[in-house]
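Data block below; observations after.
The values are calculated or read from the model by the stated rules, or taken from the named source; none is laboratory data. From a predicted model like this one, the values you see are computed outputs, not experimental measurements. Every residue, glycine as well, gets a Cβ built from its backbone with ideal geometry; the counts of neighbours run over all protein chains shown.
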Amino acid sequence: MAITMTDTTASTDAIYFAPLLPWQQGLWAQLTERALTPPNHLPPALLAAGMQGMGKRAFVWRLVAWLLCYEQRSHPSGACGQCKSCQWLRSGTHPSLQVLPTASLPVSADHSQQESKAKSSKSAKAASKATLKIKVDDIRAMQPFIYQGGQGMRICVLDHAEQMTIAAANALLKTLEEPQSQVHLILISDVPAQLLPTIKSRVQQLPLQTIDHKIAHDYVTDKLGSTINREAVGPSAITQLLQLANGAPIAAISLAQAPWYNKRTLWMTTWQALRVGKRSSIAASDYWQSQLSITEFIKLSELMLLDIRRISLGLESMQRDVDMSAPLAKYQPSDSALNSLTLSLQGIKVSLHQNVQEKFAYDKLMQDLAQL
């Protein structure tokens, strides 16, 4: 289907000009004040890092739009959306913005749907993962853009910065050591521990991970109120979602809306039936194939195994709405069995990238689950 300008505009509007997330208001005020204080006191290199689901990319793209906006002084709360710079962003053709990898540039119409479709295709998964790599040639190709003096504000965004090769990171390091006037480098990383220490020492990390619990709780409650039943948006349910999502509000919302989240009790029932031989692994595999994709079932299994391990260590279950204590009071799997199933899940993930059929992967997983 052809992508129309209207589609693209709607997509980029939702990225560059979206409302500021409530837990980011303090940081936004600090950064914009520094940028508006002559001379621009904003650090030349920033790092937005941390777990997925806390809104770091939403913050970065909003900041990019504002920094480039020609009317930023009269619109301190966000880009005006009307000036020539904002129009360039809408069309995906801004001459003062470069993004690596190029797949991260927010120009596609309904990027989230495309990403979802890519995740459902095993071949697309492997291709998508490959496109995230940032190579040394990518960094070198960006350098003329950085060093072209007298061209006004210029911004380079490196998404998935942890995917840089060693050679690319070393090439970027030279750029970070020689900051250019009116040039801002913004790195985004889901796994900052994988960044070279020399890179992290030369960028200022944005404090995006500190999210007030009440603000997060209210936000998740509000966003889920129109899409999930009343019971699921009760205070205890929201608290549980945030706990499972490590406090990340957007991740908590995605978790509540995941097709596997309301099948956690059923997972326990299946495991118990498999363990005592009341159900065959083939029958269980056939049933679950009609319910969830193998990727979704793996996510479900990982969450359940996490809580089973917690209970076996004498800790409380994070899932208060699923009865796990009663079954585990009668039987608890050994550490070696839990480790074996965890390794099996990882192996199945790898095999899916190698185009192994989902049915075979499901069959093996159910056989392994029966042995837990």
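Among the listed residues ALA167, ALA161, which satisfies the condition of being farther than 23 Å from ALA35 by Cβ and either of a type outside the set (Ser, Thr, Tyr) or touching a Phe, Trp or Tyr at 6+ places or on another chain (Cβ under 9 Å) (or both)?
Working: ALA161 fails: farther than 23 Å from ALA35 by Cβ.
Only one candidate qualifies: ALA167.
It is to be established whether one or more residues within the stretch 329-338 are under 25 Å from the mean Cα position of the chain (by Cα) and in a helix (DSSP H, G or I).
no
Taking GLY314 as the residue in question, decide whether it is within 25 Å of the chain's Cα centre (by Cα), surrounded by fewer than 18 Cβ atoms within 10 Å (Cβ to Cβ), modelled with pLDDT under 95 and not hydroxyl-bearing (Ser, Thr, Tyr).
Here the answer is no, as GLY314 does not meet what is asked.
How many residues does the stretch 255-278 contain that are within 27 Å of the chain's Cα centre (by Cα) and among the hydroxyl-bearing types (Ser, Thr, Tyr)?
The number of residues fulfilling the criteria is 2.
Condition first: in a loop (DSSP other than H, G, I, E, B), surrounded by fewer than 23 Cβ atoms within 10 Å (Cβ to Cβ), touching a residue at least 60 places away in the same chain (Cβ under 8 Å) and on the phi < 0 side of the Ramachandran plot. Now tell me which residues in the stretch 48-100 satisfy that.
Answer for the stretch 48-100, where residues must be in a loop (DSSP other than H, G, I, E, B), surrounded by fewer than 23 Cβ atoms within 10 Å (Cβ to Cβ), touching a residue at least 60 places away in the same chain (Cβ under 8 Å) and on the phi < 0 side of the Ramachandran plot: MET51, GLN52.
Considering only the stretch 190-218, state which residues are surrounded by 15 or more Cβ atoms within 10 Å (Cβ to Cβ), touching a Leu at 6+ places or on another chain (Cβ under 8 Å), part of a helix (DSSP H, G or I) and not charged (D, E, K, R).
Across the stretch 190-218, the qualifying residues are PRO192, ILE199, ALA216, HIS217.
Looking at LEU67, LEU105, can you tell me which residue is at pLDDT below 95, of a type in the set (A, V, I, L, M) and closer than 23 Å to GLN182 by Cα? Outline the logic, then answer.
On the way: LEU67 fails: at pLDDT below 95.
Selected residue: LEU105, the only one of LEU67, LEU105 that is at pLDDT below 95, of a type in the set (A, V, I, L, M) and closer than 23 Å to GLN182 by Cα.
How many residues are polar (S, T, N, Q) and assigned to a strand (DSSP E or B) if we restrict to the stretch 11-47?
First pass over the stretch 11-47, keeping only residues polar (S, T, N, Q): 11-12, 24-25, 30, 32, 37, 40.
Imposing the further condition that a residue be assigned to a strand (DSSP E or B) reduces the set to none.
Count: 0.
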